[in-house]
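Throughout, read-outs are computed from the coordinates displayed, never taken from laboratory work. This structure is a prediction, so every number in the text was calculated from the model and none was measured. Here the Cβ is made from the backbone with ideal geometry for all residues, glycine too, and neighbour counts use every protein chain on show.
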Amino acid sequence: MDFVVVSVPLFFYEAASSIPIVPKHIWSQVKDPSTYDDNPPIGSGPLRVTEYKEGQYIVLEPYPNFYYKSWLPKVDRIIIKFYPDVTSATNTLLSGEVDAVGPYIPIAMYQTLAKDPRFKVFKASGTMYFYLAFNVDPEGTGNPTLRDRVVREALAYAMDVPYLCSVAWPNYSRPIANPVPTSNMFYNPNIKIRPFNLSLVAKMLDEAGYRVGPNGIRVSPTSVEMKYTILVPNKFSEAVNAVQLIAKWWSSIGVSATVKAMDTGSMSAIIWQKVGNRTVLGHDIDIWDWFVNPTSATFFEIFLSDRKLLGISDPGYNNRV
C-alpha cells in the first residue's frame, strides 16, 4: 500500500539535517559541508530515497538492511509531496488527496478540521517555536548597532510577546523566554519574558547615546541609524503579522524596521553569504521557526560560534558580543 504525506519544502531539509551518522566514503571527500548540494541525499535511517522530483515530491521506501528491523514501516513507500504553504497543504488533506500534513495546520483552518467528523483534532505541548534572531556576527554585514548588547536588550523590552501570541497565534501558542519549546526536557519555566515597557526602552537607548535624529530615527554614537530589515518566511502568515506589530512598536521609540516576507530559499541566500572561504551573515534580523525533539539537547549547538558555516546559526552568536 502507499502512504502519502504532504509537507512544505523546508520539512525535508530540517529532518535530514538532524541525522548525526553519515558515510565516511562520501563526506571525507567534502572539504566544506556548506558546498554539498544534497544530491544525492545521504541518510542513515530505516528509509531511503528512491525517487526525487525537485519542488514536487520525494519517494521513500523501507531499507531492508537497516539494523533495527522492528523500526521498518509497514508500508511499501511513503510519498512526501511539497506545497508552497501550509494552507494549500491542509486543503489537500481536506480533499482526501493526502493522508497527513505537516509541519502544522493553519490556525484559520483549525475549526474547519475540528468540525469535520473525518478528523480528530487535539492539542499538545509543541515541539516548534518561533524566534527573533539579531545578527551579531563579528564579520557580518548587517547593521552593526545590533552587536551592542544594550540595543538588543532594549528591543526585547519593546516587544509585547504575550500579546503577539494572543493576536497572531490565538489559543494556539504560549510565550516563552528561552530557545527551548515547552515539550523539551530542558525547558526552564523560571526564565521570564522581559515586560513590555516602551518608556524603559527609550531611557535605555537615550543613556547609551542613541539619540533621535531629525528624521525621527535614532542614531548611534558612531552615527549609524537604528534602521533594520526583518526577514520572515512568507509561508507563515501568522509570523508576518507578528513582525508587522513589532515594527509598529519599534517605530514609536525611534527605531525603523522594514518587514520583508519571502520564501525560505531567498532568506537563506541573504543570511548565509560566502566571502572567499568564509561564511558571513548578511542580514539584520530574521524571524524563523525551529523544531526540537522532546528529549534532544543537540539544538544547543546553534550557540557555538562556528555554526554559521553550516547554515545552522542565523544570529552568528559569539559571546564577545
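Before moving on, here are some points about what is shown:
- Beta bridges per DSSP with both ends in the chain, % antiparallel, nearest 5: 60 percent
- Paramagnetic label zone (point 7 Å from Cα along Cα-to-C-beta, Asn188; backbone N under 14 Å) in region 146-177: 177
- Ranked for footprinting exposure by Cβ neighbours inside 10 Å, fewest first, Tyr52, Tyr68 give Tyr68, Tyr52.
- Ascending count of other beta-carbon atoms within 10 Å, so fewest first, for Ser223, Ser252: Ser223, Ser252
- Proximal aspartates and glutamates relative to Lys260, as straight alpha-carbon distance under 15 Å, when same-chain residues fewer than 8 apart are discounted: Glu238, Asp284, Asp286
- Once Rg and the Kirkwood radius are both taken over the C-alpha atoms of region 180-252, their ratio Rg/Rh works out to 1.08.
- Per-selection metrics, the chain (Cα): Rg and Dmax in Å: 21.6, 69
- Two-decimal log10 I(q)/I(0) for region 128-303, as the Debye equation yields it once each C-alpha is a single scatterer, q = 0.20 Å⁻¹: -1.53
- Put simply, the amide H of Gly140, placed in the peptide plane, has neighbours under 5 Å in Leu281, leaving out anything fewer than 5 places away on its chain.
- Close amide-amide hydrogen proximity is noted between Ser313 and Lys308, each under 5 Å apart and 5 or more residues distant or on a separate chain (H modeled in the peptide plane; Pro and chain starts excluded).
- Using a cutoff of 8 angstrom between alpha carbon atoms and counting only pairs six or more residues apart, the relative contact order for the chain works out to 18 percent.
- The simple Förster model, with R0 at 35 Å and r as the Cβ-Cβ distance, assigns Arg118 and Lys74 a FRET efficiency of 0.95.
- Antiparallel bridges, percent of DSSP beta bridges restricted to region 213-321 (to nearest 5): 35 percent
- In sequence order, region 130-146 has phi-based couplings of 9, 9, 10, 10, 9, 6, 10, 4, x, 9, x, 10, x, 4, x, 5, 6 Hz under the Karplus curve 6.51 cos²θ - 1.76 cosθ + 1.60, θ = phi - 60°, and Gly or Pro positions carry x.
- Rounded to the nearest 20, the size of the Cβ-charge dipole of the chain about its Cα centre is 560 debye, with Lys and Arg at +1 and Asp and Glu at -1.
- Peptides 214-221, 151-158 ranked from most to least packed, by the mean per-residue count of other Cβ atoms within 10 Å: 151-158, 214-221.
- A Cβ-based charge dipole, computed about the Cα centre of region 128-303 with Lys and Arg at +1 and Asp and Glu at -1, lands at about 180 debye.
- Across region 100-109, rounded Karplus estimates of 3J(HN,Hα) from the backbone phi angles (6.51 cos²θ - 1.76 cosθ + 1.60, θ = phi - 60°) give 7, 9, x, x, 7, 9, x, 4, 4, 9 Hz, Gly and Pro being marked x.
- Cβ-based exposure ranking for Val161, Val121, Val255, Val212, in which fewest neighbours within 10 Å come first: Val121, Val212, Val161, Val255
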